[in-house]
Amino acid sequence: MAFIFSKTQQQRLKELDAPDEFFLLSFETKSERDKRFQEISTSLEKYHRENLMNFLMFKKPELKRIEQALEKAAISEGFVEVLTPVIISKSFIKRMEIKENHSLWKQIFWLDESRCLRPMLAPGLYHLMSQLRKFVNPVKIFEIGQCFRKETTGQQHLEEFTMMNLVEYGDILEPEKRINYMIDLIMKNVGLKEYKVHQVDSLVYGTTIDVSIEGVEIASAAIGPHPLDKNWNVYEPWAGIGVGIERLILLKENFKNIKRISRSLSYLNGWRLDI
Ligand code: ATP
Ligand code: MG
């Protein structure tokens, strides 16, 4: 009979973000297994402790650092930073044409009958695009902020995560090229060189241009004119991209478990606290 790590042991290895190969080990006796578990967990805990101590000297979480690097890069490229509400109205969800039978609708955290926590930044930015077009052309804005979605699946989804959304609207030539430029702006400043760009079906936009690394989506982009535009008084070409900041860090740091990067009481900047 072969023994694999117990559920509790596997859970601990997950928390410590142990490499995949450890989950596949099997042993002839329980005591051999428990001994190996002790060795692995002690060595991982040591690694977390050392990095936690380093972080306590450095003082700024990677999530903030990347946010600030992207902020600086976007501003230097002429984008204006905006801050829109985290609490949004049901009418904004309806204007995105997210319907009650859509899977995304079921992911929304409702506060009451008419308000929810934003699952995306697009509604706020759509609204501002049309407002600001009266004053400037093209409108170039971006927001970095928290979004909320009820998620059931594992390692790459958080229920509260940080999105950056960049949009250009108005007199823009060749929106597709602007998407490539935005992708390049983001990836260059995060220091991620190897990525794939491909077209994907999307519930909200019909199709999106997605950026992925090793099969993990990190950004979705869309261009207009688009059928949704009329709901927002938007009538000219636009290009926009939404990128998950935690996903960027997940891929950059080669972590498996996105919880390490999230707002957390169990991890600080990726390092486990109960060690
Ligand atoms: P996925 O298919 O991975 O659930 P999505 O296509 O639903 O993602 P979008 O609406 O395109 O996500 O959001 C833009 C970006 O925000 C994604 O590419 C991803 O980087 C990030 N993102 C979306 N949902 C989450 C989540 N629950 N946790 C962390 N990041 C997320
Ligand atoms: Mg997407």
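The values are calculated or read from the model by the stated rules, or taken from the named source; none is laboratory data. In this text, all values refer to a predicted model and were calculated from it rather than measured experimentally. Here the Cβ positions follow ideal geometry from the backbone for every residue, glycine too, while neighbour counts run over all protein chains shown. Protein only, heavy atoms only, side chains kept; ligands, DNA and RNA dropped before computing areas. Shrake-Rupley method; radii C 1.70, N 1.55, O 1.52, S 1.80 Å.
At a Förster radius of 51 Å, what calculated FRET efficiency corresponds to the Cβ-Cβ distance of Lys72 and Asp34, to the nearest 0.05?
According to the calculation, E is roughly 0.55.
Could you tell me how many degrees, from 0 to 90 and to the nearest 10, lie between the Cα long axis of helix 122-132 and the main elongation axis, the longest principal axis, of the Cα atoms of the chain?
Taking the Cα atoms of the chain, the angle to 122-132 is about 30 degrees.
Determine the alpha carbon to alpha carbon distance for each of Lys64/Lys259; Lys140/Lys256; Lys60/Lys150; Lys106/Lys177; Lys106/Lys188 and list only those over 25 Å.
Long pairs (Cα-Cα over 25 Å): Lys140/Lys256; Lys60/Lys150; Lys106/Lys177; Lys106/Lys188.
Count neighbours as other Cβ atoms within 10 Å of each site's Cβ, and list the trypsin sites (Lys or Arg not before Pro) in segment 90-172 that are DSSP loop with at most 14 such neighbours.
Loop-located and lightly packed - Lys99, Lys134, Lys150.
Starting from the Cα of Lys59, draw a straight line to each of the aspartates and glutamates and keep only those under 20 Å, dropping any in the same chain fewer than 8 residues away.
By straight Cα distance, Lys59 reaches Glu50, Glu67, Glu71, Glu246, Glu253, Asp274.
If you line up the long axis of helix 175-190 against the longest principal axis of the chain, both from Cα atoms, how many degrees apart are they, to the nearest 10?
For helix 175-190, the angle is close to 40 degrees.
Can you tell me how the chain classifies by the Cα gyration tensor, rounded, prolate or oblate, using a/c under 1.5 as the rounded cut?
prolate
Ignoring any ligand, DNA or RNA, what whole percent of the accessible area of segment 1-128 comes from carbon and sulfur when the probe is 1.4 angstrom?
That share works out to 58 percent.
What are the chymotrypsin sites (Phe, Trp or Tyr not before Pro) within segment 225-275 that DSSP puts in a loop, where the Cβ has at most 15 other Cβ atoms within 10 Å?
Loop-located and lightly packed - Tyr235.
For helix 62-76, report the angle its Cα long axis makes with the longest principal axis of the Cα atoms of the chain; keep it between 0 and 90° and round to the nearest 10°.
So the inclination is approximately 20 degrees.
Once you have a ≥ b ≥ c as the square roots of the Cα gyration tensor eigenvalues for segment 31-169, tell me rounded if a/c is under 1.5, and otherwise prolate or oblate according to whether a/b is larger than b/c.
Because a/c hits 1.5 or more and a/b fails to exceed b/c, segment 31-169 counts as oblate.
Only helical DSSP H runs with n ≥ 4 go in: add -39500 (n - 2.57) per run for the chain, normalise by residue count and round the 222 nm mean residue ellipticity to 500 deg cm²/dmol.
-11500 deg cm²/dmol
Accessible area per residue, 1.4 Å probe, Å², for the chain: what's the number?
Ligands and nucleic acids excluded, the figure is 54 Å² per residue.
For segment 116-198, just say rounded, prolate or oblate: build the C-alpha gyration tensor, square-root its eigenvalues into a ≥ b ≥ c, call rounded for a/c under 1.5, and beyond that prolate if a/b exceeds b/c, oblate if not.
oblate
In nanometres, what is the gap between the two model label sites at Gln107 and His226, each 7 Å from Cα along Cα-to-Cβ?
It is 1.5 nm.
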